[in-house]
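Taking it in order: structure first as structure tokens, then the write-up.
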Amino acid sequence: MVGLLTSALLFIGPSYVANAAPLLFGGGPSLDGGRKLSDGQPIFGSHKTIRGVFAGIVAGTIVGWGEALVDPRLVVGGFMISLGAVLGDLLGAFIKRRLRVEPGRAFPVLDQLDFIVGGLVLGY
């Protein structure tokens, strides 16, 4: 049981860091450049930035490298999990824009699961 819990925490760690890093290191130009789709809504919104995406992937990957001391599969896995987490978060933002939820506004369940599901999909 302890081994399973440890494995789960190691696996999901890069996702949480990749999701949190843009809050600390993000900002700057938006990822979608302000472009809008035919529905008149932004693709991702102003809160998804180039620097935030980069920071999320890099920070999560660094955590994966640290975790690789315990589980060597996380050298590459940390990057894939982080990339998946960031892409999952972007997909969540895309869905929220289609539903006309403003950037930064909470959307229960989707906000808590988008990055986790993305990390699991690419990390597994």
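The values are calculated or read from the model by the stated rules, or taken from the named source; none is laboratory data. All of these numbers come straight from a predicted model, not from anything done at the bench. Cβ: placed from backbone, ideal geometry, glycine included. Neighbour counts: every protein chain shown.
Give segment 1-40 a look and list any residue that's surrounded by 17 or more Cβ atoms within 10 Å (Cβ to Cβ) and over 15 Å from D89 (Cβ atoms), or say none.
Once the filter is applied, which keeps residues that are surrounded by 17 or more Cβ atoms within 10 Å (Cβ to Cβ) and over 15 Å from D89 (Cβ atoms), segment 1-40 yields L10, F11, G13.
Does G34 count as on the phi > 0 side of the Ramachandran plot, part of a loop (DSSP other than H, G, I, E, B) and touching a helix residue (DSSP H, G or I) at 6+ places or on another chain (Cβ under 7 Å)?
no
Within segment 65-74, can you find the residues that are out of contact with any Asp or Glu (no Cβ under 7 Å at 6 or more places or on another chain) and part of a helix (DSSP H, G or I)?
Matches in segment 65-74: W65, G66, E67.
Pairs under 6 Å by beta carbon, first residue of a type in the set (A, V, I, L, M) in segment 1-14, partner outside any helix (DSSP H, G or I) and modelled with pLDDT of 85 or more, six or more apart or different chains?
none
List every residue pair whose Cβ atoms sit under 8 Å apart, with the two residues 6 or more apart in sequence or on different chains, where the first one lies in segment 92-108 and is at negative phi and the second, anywhere, is polar (S, T, N, Q).
R97/Q41; R98/Q41; P103/S46
Per-residue answers, yes or no, for (1) over 17 Å from R98 (Cα atoms); (2) over 13 Å from the mean Cα position of the chain (by Cα):
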| site | (1), (2) |
| --- | --- |
| T6 | yes, yes |
| L9 | yes, yes |
| G13 | yes, no |
| A21 | yes, no |
| L37 | no, yes |
| V53 | yes, no |
| A59 | yes, no |
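Could we say that T49 is more than 20 Å from R98 (Cα to Cα) and of a type in the set (S, T, Y) here?
Answer is no for this residue.
Would you mind finding the one in I62, I81, I116, I57 that is of a type in the set (A, V, I, L, M, F, W, C), within 30 Å of L4 (Cα to Cα), in contact with a Pro (Cβ under 6 Å, 6 or more places away or on another chain) and in a helix (DSSP H, G or I)?
Exactly one residue qualifies, and that residue is I81.
Please go through (1) more than 26 Å from L4 (Cα to Cα); (2) not in a helix (DSSP H, G or I) for K96 and return the number of the only condition it doesn't satisfy.
(2)
List, please: which pairs have Cβ atoms under 8 Å, are six or more places apart or on different chains, and start with a residue in segment 15-35 that is touching a residue at least 24 places away in the same chain (Cβ under 8 Å) and end with one that is assigned to a loop (DSSP other than H, G, I, E, B) and β-branched (V, I, T)?
L31/I43
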